[in-house]
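Q: So that we are looking at the same thing, I have put the structure below in structure tokens.
Throughout, read-outs are computed from the coordinates displayed, never taken from laboratory work. What you are looking at is a predicted structure, and each value in this text was computed from that prediction instead of being measured. Cβ sites come from the backbone with ideal geometry, for glycine too, and all protein chains shown count toward neighbours.
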Amino acid sequence: MSMETQYLVAIGTKKGLWLARSQDRREWTLDGPHFLMTEIPSIGIDSRNGTRIMVGIRSEHWGPTVAHSDDLGASWTEPEGGGIAFGEDDGAAVERIWQLQPDRAGRPGVVWAGVEPISLWRSDDGGEHFTLNRALWEHPHKPEWGEGAGGGAVHSIVPGREDGTVHVAMSTGGVYRTLDGGASWEARSKGITASFMPDPLPEFGQCVHKIAGDADVPGRLYAQNHGGVFRTDDNGDSWRAIENGLPANFGFVMLSHPRTSGTAWVIPLRADVERIPVDGHLAVGRTRDGGDHWEMFDSGLPEHDYNSILRDAAGLDTAEPVGVYFGTRGGSVYASADEGATFQEIASHLPDVLCVRAAAIQPTAGTEG
């Protein structure tokens, strides 16, 4: 491995996985496809002990599973039995793995998975084997949770600083929080709207598209909703709108800076049935003050683009300044090395991009998982 920092962007598509690599975030090389003709809806990059790349795979023939690589994609391991599988008495089968989220550094080995049908799973061995969280699976609200246009799933998992605190978001169910490590869950969507329901401010049932936790302010999270961008400063007990200054309040992406409090990114789309960049003009929104003000950036992006950007088709690295990456349903992937101010296209003509994750790999990290 080079003694310089390496930058890795993992790109999951409808027909396989591609890996973009760079030494300077200016010149990129692309290799792939890995898992050709297999859907890759989720990716997790775990840098807590070396660098492990985990991918959620969905094969039309073999079904869904989680594979991992401890050598930056040179080889892959798939667990026998699928890694994530319901029991015979659960009355369900895994349709798709929507999310792979490593926990915080203080909880090594813990990886969370969000799955369709709506369920949450936990691994204690770095993502090789997962156990169903029974409390959420058997929650009394479950019969009333619906499905978004893409299906019903836990699609956002935000482990908290405190042991035992985790927020999840689902389509359609809203935000739920546990304070006891997953033993119990309560709806935490007060203030997030659900304009498609008889009560536009229900306890649960919102179609939250993505949530992300603030880097430094305890209890602060951001949400991109199906109509509306929101923030909570009390751990999800209440939410308020922060969409003023954006060209649209619809979209799927919500990213938050890994170190700097108040900095977050969205990619607005025209609601609701169109789901394209506003006026066909692709631009990224960034706030530096927790959503009180927004700036729109389009330098390096195409003048016209009519493709949607899905909720997990965007990610950040942890370099200084932070890199911002996203892909479109038209198969283009864009990279910014200056926190979203300017972009360059690093991949094009790929299949439909479903998931993008990035990492700055330090030379001391090695590749052992």
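Q: Bin width 10 Å, origin at 0, all Cα-Cα pairs of segment 139-227: what percent of pairs per bin?
A: 18, 52, 27, 3
Q: How long are the three semi-axes of the equivalent ellipsoid of segment 82-203, in whole Å, if each is the root of 5 times an eigenvalue of the C-alpha gyration tensor, listed from largest down?
A: Output for segment 82-203: semi-axes of 23, 18, 12 Å.
Q: Which far-off residues, 5 or more places away or on another chain, put their amide H under 5 Å from the one on ILE84, with H placed in the peptide plane?
A: VAL66
Q: Tell me, what ³J(HN,Hα) does each residue in segment 105-112 have, in order and in whole Hz, if you take phi through Karplus 6.51 cos²θ - 1.76 cosθ + 1.60 with θ = phi - 60° and put x for Gly and Pro?
A: In residue order, the calculated couplings are 4, x, 10, x, x, 7, 10, 9 Hz.
Q: In segment 2-122, what is the volume of the convex hull around the alpha carbon atoms, normalised per residue and reported in Å³?
A: 119 Å³
Q: Give me the percent relative contact order of segment 137-185, please, defined on Cα pairs under 8 angstrom at least 6 residues apart.
A: This gives 30 percent for segment 137-185.
Q: Quick one: which residues, 5 or more positions from SER42 or on another chain, have an amide H under 5 Å from its amide H? H modelled 1.01 Å from N in the peptide plane, none for Pro or chain starts.
A: For SER42, whose amide H was placed from the backbone, the distant partners under 5 Å are GLY56.
Q: Could you check how many percent of all C-alpha pairs in segment 270-355 are farther apart than 19 Å?
A: For segment 270-355, the fraction of Cα-Cα distances above 19 Å is 37 percent.
Q: Got a sec to turn the phi values of segment 14-25 into Karplus ³J(HN,Hα) couplings, 6.51 cos²θ - 1.76 cosθ + 1.60 with θ = phi - 60°, whole Hz, x for Gly and Pro?
A: So the J values, rounded to whole Hz, are 5, 10, x, 10, 10, 10, 9, 10, 7, 9, 9, 6.
Q: Something else about it: Going by how many other Cβ atoms sit within 10 Å of their own, how do ASP279, ASP103, ASP124 line up, fewest first?
A: ASP279, ASP124, ASP103
Q: Using the crude model of +1 on Lys and Arg Cβ and -1 on Asp and Glu Cβ, and no other charge, please compute the dipole size for the chain relative to its Cα centre, in debye to 20.
A: About 320 debye.
Q: So, one more: How big is segment 51-106 on each of its three principal axes, counting only the C-alpha atoms and giving the largest first in Å?
A: 36, 30, 18
Q: Each residue of segment 228-237 in turn: what ³J(HN,Hα) in whole Hz from Karplus with 6.51, -1.76, 1.60 and θ = phi - 60°, glycine and Pro shown as x?
A: x, 10, 9, 9, 10, 10, 10, 6, x, 5
Q: Sticking with this one: Take a quick pass over the chain and tell me how many lysine pairs come in under 24 angstrom between Cα atoms, counting only ones 8 or more apart or on separate chains.
A: 5
Q: With springs connecting C-alpha atoms under 10 Å apart, model the chain as a Gaussian network and identify which of TRP62, TRP121, TRP28 has the largest mean-square fluctuation.
A: Looking only at TRP62, TRP121, TRP28, the largest GNM fluctuation is found for TRP62.
Q: In segment 298-369, if the dipole is taken from +1 on Lys/Arg beta carbons and -1 on Asp/Glu beta carbons about the Cα centre, which of VAL322, TYR306, GLN362 is farthest to the positive end?
A: TYR306
Q: Gap in Å between the Cα centre of segment 310-348 and the Cα centre of segment 100-140?
A: 27 Å
Q: Which far-off residues, 5 or more places away or on another chain, put their amide H under 5 Å from the one on LEU120, with H placed in the peptide plane?
A: ASN133, TRP137
Q: Evaluate Rg over Rh across the chain, taking Cα atoms for both radii and Kirkwood's formula for Rh.
A: Result: Rg/Rh = 0.93.
Q: Can you list, bin by bin at 5 Å, the percent of alpha carbon pairs in segment 195-324, starting at 0?
A: Values per bin, smallest distances first: 2, 11, 20, 24, 20, 13, 6, 2, 0, 0.
Q: In debye, nearest 20: dipole of segment 162-223 around its Cα centre with unit charges on the Cβ of K, R (+) and D, E (-)?
A: Rounded to the nearest 20 debye, it is 240 debye.
Q: Any idea what the dipole of segment 37-162 comes to, in debye rounded to 20, about its Cα centre with Lys/Arg Cβ at +1 and Asp/Glu Cβ at -1?
A: So the dipole magnitude of segment 37-162 works out to roughly 520 debye.
Q: Relative contact order of the chain, please, whole-number percent, based on alpha carbon pairs below 8 angstrom and at least 6 residues apart.
A: It comes to 14 percent, rounded to a whole number.
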